[in-house]
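First the structure, in the form of structure tokens, and then the observations on it.
The values are calculated or read from the model by the stated rules, or taken from the named source; none is laboratory data. Computed from a predicted structure; not experimentally measured. Virtual Cβ from ideal backbone geometry, glycine too; neighbours counted across all protein chains shown. What goes into the accessible areas is simple: the full protein's heavy atoms, side chains included, and nothing from ligands, DNA or RNA. Shrake-Rupley method; radii C 1.70, N 1.55, O 1.52, S 1.80 Å.
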Amino acid sequence: MLVLNEDQRMLQDAARGFVQEKSPVASLRKLRDQHVADGFDRALWRDMADMGWAGVLVPEEAGGLGFGYVGAGLICEEMGRTLAASPFLSTAVMAATALSRAGTPAQKDRWLPAIAAGEAIIATAVDEGRKHNPAKTALKAEASGNGFKLSGEKIQVADGHVADAILVAARTAGTPGEKDGISLFLIDPKTRGLSTERVATLDSRGAARLTFDDVQVTGADLVGELDQGLGLIEIVLGAGRAGLAAELTGNAQETFGRTVAYLRERKQFGRTIGAFQALQHRAAHLFCEIEIARSAVLSALQALDRDPADAALSVSLAKAKAADVARLAAQEAIQMHGGIGMTDAIDIGLFAKRMQVAAELYGDADFHADRVALARGF
Amino acid sequence: MDALEAFRRDTRAWLEANCPKEMRSPIRGDGEICWGGRNWTFQSDAQRVWLERMAARGWTVPAWPKAYGGGGLSHEEVKVLKEEMAAIRARSPLESFGIWMLGPALLAFGSEEQKKQYLPPIARGEIRWCQGYSEPNAGSDLASLQTKAEDGGDHFIVTGSKIWTSYADKADMIFCLVRTDPAAPKHLGISFILFDMTWPGVSTKPITLISGKSPFCETFFDGVKVPKANLVGTLNRGWDIAKYLLTHEREMIGGGAGGLLGGRSPGQVAADEIGLDATGRLDDAFLRTDTARAEVDALAFALTMARYKDEAAAGGRGVGDKSSVLKYYGTELNKRRYELMMRLAGHGGLEWEGARSNDGELPRAWLRTKANSIEGGTSEVMLDIVAKRLLDLPSA
Ligand SMILES: Cc1cc2nc3c(=O)[nH]c(=O)nc-3n(C[C@H](O)[C@H](O)[C@H](O)COP(=O)(O)OP(=O)(O)OC[C@H]3O[C@@H](n4cnc5c(N)ncnc54)[C@H](O)[C@@H]3O)c2cc1C
Ligand SMILES: Cc1cc2nc3c(=O)[nH]c(=O)nc-3n(C[C@H](O)[C@H](O)[C@H](O)COP(=O)(O)OP(=O)(O)OC[C@H]3O[C@@H](n4cnc5c(N)ncnc54)[C@H](O)[C@@H]3O)c2cc1C
């Protein structure tokens, strides 16, 4: 059934109420204007953890809520509506997925309760080049002692600048482009040889550029299987992509809602501009597109709840569609607001900037449309 | 959940035992559709047997009440039935305007007598219906129609003409919008009546379309005597029924047009006809990009149709004005899909006559899809409805 159940609807209502009260768009502005280095508000993150959000995907026995991907997606969607900044996606969605599925008992004991309590932030470092492509992982992991020495670079690591631990995709064998030979490690960002540079991003949040210079890791730092990490990485990315798709539909719905409200109030040529059919039809078309994207997102989240290892097509469908639709929503919002839409004073531009980051991260619409096509046999 | 699983098991077994082998392949073109009706000649024994067996279970209209020839199935059970039919590629046993449009309207607005009289023959495929809505000067502005039905005591006298009446020349009966009060505001003087196409005064004239096929007619009424018992609902309040029926029609057109079931998707056709490169990608970058985006939209659209139906079932209501979303998106998508099919076919899509191309099946289908965004309300009218009813934007 492509509808929310009672519990999910309650979570949605609670999440909406919470972000609108505690984290309206004005909070993001404040973070930006005050140049808060973290790129998010730690007190707010604690409040979110108190709501149980940090543990939304952590199993109940490890102190989490075990609410599943639909629940996580609903929270992402609401955050997309107010541009709430938090380590939710990196930590509560992606790292929780990685560790609960593939962590060693020691890793689980150490990190899962800490994630659920909102005490640990964990980033995932995959990308190295201009465009997302996990199979092209080149960061080198050479056997050394009872472990490996890592050298190379990771870019655009979301929340990497504030992380207590970092999941790193590294090449333990093979050459860039090959699916085999990639492994995932969980490392301490203070390890010698690892330098972290904060990058202020377009969306007024933060990411890190990580440079690895013979960073020593041990076998105990390995998450999942040696050389066979890509499958796990894809599952972790799948969770992140679906979360971003949900955020993008939240973003699109909010900019669209604001645009329709503006169409109802702005007067030109002696009438409200919302009465002009040229604008009505574009607004109606955009509404249809958003409806289509929402279905794809809900279906992807449900597919993840059924089996994250078998959700790749659904997730790519959702990310491809949501990214294209959110882009259209941002463009139309600016255009239909006229000159005022170009100003920093109203929020539309902030939505457009967050859209661009979310659309690009972990594969843009082209990347995912390509995957859909391959999965469909062409 | 267990009951539903049991239903699935039984349905699968029944379909396996009862669906003839010949009925387990996608329908190719209009010629293979079973429309039924008084004068219907079955294309094969298999087609007849399949219809009879499905009708006997009420599965030509699985969601209708059993009392009216339906299957009395729940929303969930209908879904299971459709899934199981799709799994063995079973054809639809019967298509008809009676099922898509008139039936739901009669269930909502008809008297008990009318339901008993008209619904079971629709379910069994015995009576074929056509839709008398549009007139030469009342298309998008449907409520401005002029065909009049004057009071003749125990009957109406219907005079006027309709246009674009699909299959009027093959239909047994017509559901028709007529003006019963010329003095009233245009929405308040319309009634919804049913009558027989063989009655004196009814005549039809085919209209040839750009596809070269002609299932369309002009329909003329010259003093047709229609008993008052054939009025559905309240006199002069036919517009409510007309609108209700249109939401079903739109949902159906949108859904049927956008779906990927039955035939192959453009992506699959492309893979077969154009071939793949060493990485498994279509060997034509431009076509692949367009096809991939269309595939994304088609899959997401199919999910939206499913979501709307699930939402409607959960809320115990119909899809309502959101049928305009489906109608608009599904038909525009279908046009895109056939544009792609023509590009994929290349020179192969240019042949109009001759056995090799099955008399130009593809280009004719391509041309036919151009009507998808016109029939049942144009895309512009759908966008107007979305803007006004779903987005609450002001009128000019
Ligand atoms: C970067 C920038 C620089 C500028 N520089 C200057 C400058 O130097 N000097 C100066 O005088 N002005 C300047 N302008 C103002 C510019 O000319 C106006 O923004 C523009 O004319 C649109 O007017 P508006 O912003 O009031 O939008 P509105 O008129 O409020 O329009 C809002 C939306 O409604 C639509 N709309 C309005 N009327 C209709 C209609 N009849 N039918 C259909 N749609 C309609 C518009 O297309 C738009 O999408 C600048 C604007 C920008 C963004
Ligand atoms: C293949 C086919 C089968 C059909 N089958 C049937 C049938 O069985 N029974 C039946 O009754 N009818 C049938 N129709 C008729 C169909 O419902 C009408 O064609 C349709 O409602 C459009 O009306 P029209 O053709 O008069 O176009 P018009 O109303 O003249 O429209 C012409 C153009 O103007 C645009 N337009 C009109 N009003 C507006 C507006 N307010 N704002 C913006 N644009 C506008 C339209 O979108 C269209 O692009 C069929 C049509 C076709 C093509």
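A few notes on this one:
- Each 10 Å bin from zero up to the one holding the largest Cα-Cα distance in the protein assembly as shown carries the following percent of pairs: 3, 12, 20, 22, 18, 13, 8, 3, 1, 0, 0.
- Only Cα sites of chain B enter the Debye sum here, all with the same form factor; the resulting log10 I(q)/I(0) across q = 0.07, 0.12, 0.13 1/Å is -0.35, -1.06, -1.24, listed in q order.
- Length added when fully stretched, B:LEU209-B:GLU22, from 0.36 nm per residue minus Cα-Cα: 64.2 nm
- Across the options B:LEU145, B:PRO215, B:THR234, the greatest Cα extent toward the positive end of the charge dipole of region B:129-236 (unit charges at beta carbon of Lys, Arg, Asp, Glu) belongs to B:PRO215.
- Helix B:112-123 vs. chain B, principal-axis angle (Cα, 0 to 90°, nearest 10): 30 degrees
- Based on DSSP H segments of at least four residues, each scored -39500 (n - 2.57), chain B has a per-residue ellipticity at 222 nm of -13000 deg cm²/dmol.
- Alpha carbon Rg of region B:319-358, scaled by the compact-globule rule 2.2 N^0.38 Å: 1.71
- Where the protein assembly as shown is the region considered: accessible area per residue in Å², 1.4 Å probe: 42 Å²
- Of all DSSP beta bridges confined to chain B, the antiparallel ones make up roughly 85%.
- Summed over all non-identical Cα pairs, the Kirkwood treatment of chain A gives a radius of 21.0 Å.
- Under-5 Å amide H pairs with A:PHE148, H placed in peptide plane, nonlocal only: A:VAL217, A:THR218
- A DSSP coil position with no more than 16 other Cβ atoms inside 10 Å describes the following trypsin sites (Lys or Arg not before Pro) in region B:58-112: B:ARG89.
- Label-point separation in nm, A:ASP310 to A:GLN268, each point 7 Å along Cα→Cβ: 5.2 nm
- Based on alpha carbons, the Rg and Dmax found for region A:250-378 are 16.7, 57 Å.
- Across region B:28-33, rounded Karplus estimates of 3J(HN,Hα) from the backbone phi angles (6.51 cos²θ - 1.76 cosθ + 1.60, θ = phi - 60°) give 10, x, 3, x, 9, 6 Hz, Gly and Pro being marked x.
- Across region B:278-290, rounded Karplus estimates of 3J(HN,Hα) from the backbone phi angles (6.51 cos²θ - 1.76 cosθ + 1.60, θ = phi - 60°) give 5, 8, x, 9, 3, 7, 7, 5, 5, 4, 5, 4, 5 Hz, Gly and Pro being marked x.
- For region A:2-97, diffusion coefficient by Stokes-Einstein and Kirkwood Rh (Cα), 25 °C, 0.890 mPa s, µm²/s: 180 µm²/s
- Averaged over residues, the count of other Cβ atoms within 10 Å places the peptides B:359-369, A:348-358, A:55-65 in the sequence A:348-358, A:55-65, B:359-369, highest first.
- Rounded to 10°, Cα long-axis angle of helix B:238-258 versus longest principal axis of chain B: 10 degrees
- Shape category assigned to region B:2-124 from the gyration tensor of Cα positions, a/c cut at 1.5: oblate
- Averaging 1/r across all pairs of distinct Cα atoms in region A:45-117 and inverting the result yields a Kirkwood radius of 11.9 Å.
- Under 5 Å, built H, 5+ apart or other chain: amide partners of B:CYS217: B:TRP164, B:THR165, B:SER166, B:TYR167, B:ALA168, B:ILE207
- Computed [θ] at 222 nm, deg cm²/dmol, chain A (DSSP H ≥ 4; -39,500 (n - 2.57); rounded to nearest 500): -16500 deg cm²/dmol
- Calculated diffusion of region B:129-236, Stokes-Einstein form, Kirkwood radius summed over Cα pairs, 37 °C and 0.692 mPa s, µm²/s: 237 µm²/s
- Residue-averaged beta-carbon neighbours from other chains (10 angstrom radius) around B:312-318: 1
- Cα gyration tensor of region A:28-72 - equivalent ellipsoid semi-axes, whole Å, descending: 28, 10, 7
- Shown in residue order for region A:353-366 are the 3J(HN,Hα) couplings computed by the Karplus curve 6.51 cos²θ - 1.76 cosθ + 1.60 at θ = phi - 60°: 5, 5, 4, 4, 5, 5, 5, 7, 5, 6, x, 7, 4, 5 Hz (x for Gly and Pro).
- Gyration tensor (alpha-carbon) shape descriptor, region B:241-390, a/c threshold 1.5: prolate
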